[in-house]
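The values are calculated or read from the model by the stated rules, or taken from the named source; none is laboratory data. Please read all numbers here as calculations on a predicted model, not as lab measurements. Glycine also receives a Cβ, built like all others from the backbone with ideal geometry; neighbour counts cover every protein chain displayed. When the accessible area is computed, the model is the full protein with side chains, heavy atoms only, and any ligands, DNA or RNA have been set aside. Shrake-Rupley method; radii C 1.70, N 1.55, O 1.52, S 1.80 Å.
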Amino acid sequence: MQPIYAVGDIHGQKTMLEDALAWIDRDGGGRVVFLGDYADRGPDSAGVVELLRNGLNEGRDWIALKGNHDRMFEMFLRDHPANDDRLLVGYHWLHERIGGIETLASYGVDVPDGARIYQVHSAAREAVPCDHLAFLAGLPSYHLENGLLFVHAGIRPGVPLEHQSEHDLIWIRHEFLDDPRPHPWLVVHGHTPGRMAEHFGNRINLDAGAGYGRPLATAVFEGQDCWLLTERGRVPLIPKGR
C-alpha cells in the first residue's frame, strides 16, 4: 500500500508549504491531499494558489480540497460579491478576523479603512486572475481512500457520505468535534486550529494554526497508521490516551 500524505490548513503560508513539499519528497513521496484553506491571514495567498494550481496542471498526484476560506474568497469575487451565509452576523470576507484583506494584499490590492465593498470588489476583480478563481470554484469537498476520509472541516455524524452537505464538510465544528463515536472512516480534517496536530481516535485534526504563524502540519498515512512529517523525518501521531 502506497503512503498518502495530507497537508493541513495553509492560509497563505507559501514558504511553509514549500518546506512541507520538500519533506514529502524526502520521505519518498506519493499522493498528497491538501485539506483546504489556501487563502487568508498569511502573507502569500496568491503564491499558494498559484503553486497548487501549477502542480495540478503539471499532473502531480495532488488532490486539493475546498475549505471555507477558499469558498468565501471565490464568492466575494463573483460578478456580484456574495457573503457566505455560514458567517456570524456582522462578519464578511473583509472583516479583520477573517483574512480577506491579507489575501487581496498578496494580489496587490489595498483595502483602505472605510473602503466600500463595491470599490474593493472592482479592484479585486481586475487583480485576481480568472484561473485562480476557476481553481477555487472547482475544488472538491472530500476525498475517500483506504478507509481514510479527507475533508476540510468534518462530517455530520450518522449521515451517509453521499448525503453530506458541502456546508457541513467545510464549516462544521461542534456537532462533529464533540462526537467520540467511531465513524465509518478515520476522518482527517483541519478547519479548527489547535496548538498542534492531534489524533482523537475517530478523527485527526491537522490544523495546527499556520494561519496564526504556527507550524504547518503535514502527515503521512500507511493504512490508518499516521506520522507527522518534520524537518527530521517521521514522528508517530498516536491517538490521545494511548
Fill in the blank from the handout: All-but-one check, A127 against (1) within 22 Å of R53 (Cβ to Cβ); (2) out of contact with any Leu (no Cβ under 9 Å at 6 or more places or on another chain); (3) among the small types (G, A, S), failing number (2)
Handout entry: Hits in the range 195-241 (condition: charged (D, E, K, R) and either in contact with a strand residue (DSSP E or B) (Cβ under 7 Å, 6 or more places away or on another chain) or open to solvent by 10 Å² or more (accessible area, probe 1.4 Å) (or both))
Key = R195, E198, R203, R214, E222, D225, E231, R232, R234, K240
Exercise for the section: Scan the range 14-28 and give yes if some residue there is among the charged types (D, E, K, R), within 30 Å of L88 (Cα to Cα), in contact (Cβ under 8 Å) with a residue 12 or more places away in the chain and open to solvent by less than 60 Å² (accessible area, probe 1.4 Å), otherwise no. Expected result: no
Exercise for the section: Look at the range 210-231 and say how many of its residues are without any contact (Cβ under 8 Å) to a residue 60 or more places away in the chain and either of a type in the set (D, E) or in contact with a Pro (Cβ under 7 Å, 6 or more places away or on another chain) (or both). Expected result: 2
Handout entry: Qualifying strands (runs of 3 or more DSSP E) (wholly inside the range 1-101; at least 1 residues being of a type in the set (G, A, S) and modelled with pLDDT of 95 or more)
Key = 4-7, 62-64
Practice task
Filter the range 108-126 down to the residues that are over 16 Å from R78 (Cα atoms) and open to solvent by 30 Å² or more (accessible area, probe 1.4 Å), then identify the one that is nearest to the chain's Cα centre (by Cα).
Solution key: G108
Practice task
Could you tell me which of the residues F150, F221, F176 is out of contact with any Cys (no Cβ under 6 Å at 6 or more places or on another chain), part of a helix (DSSP H, G or I) and over 24 Å from E102 (Cα atoms)?
Solution key: F176
Handout entry: Residue check, T192 among the polar types (S, T, N, Q) and free of Cβ contacts under 8 Å to residues at least 40 places away in the same chain
Key = yes
Exercise for the section: Inspect the range 38-47 for any residue being open to solvent by 10 Å² or more (accessible area, probe 1.4 Å), among the hydroxyl-bearing types (S, T, Y) and over 11 Å from the mean Cα position of the chain (by Cα) and give the result as yes or no. Expected result: no
Fill in the blank from the handout: Those residues of the range 57-85 that are under 21 Å from F150 (Cα atoms) and touching a residue at least 24 places away in the same chain (Cβ under 8 Å) come to a total of 13
Exercise for the section: Inspect all residues belonging to the range 40-49 and state whether any of them is of a type in the set (S, T, N, Q), farther than 19 Å from I204 by Cα and in contact with a Gly (Cβ under 9 Å, 6 or more places away or on another chain). Expected result: yes
Fill in the blank from the handout: So, first residue more than 12 Å from F34 (Cα to Cα) in the range 147-163, second residue small (G, A, S), Cβ within less than 9 Å, six or more apart or across chains; the pairs are G147/G223; L148/A6; L148/G223; A153/G36; A153/G67; A153/G190; R156/S165; V159/S165
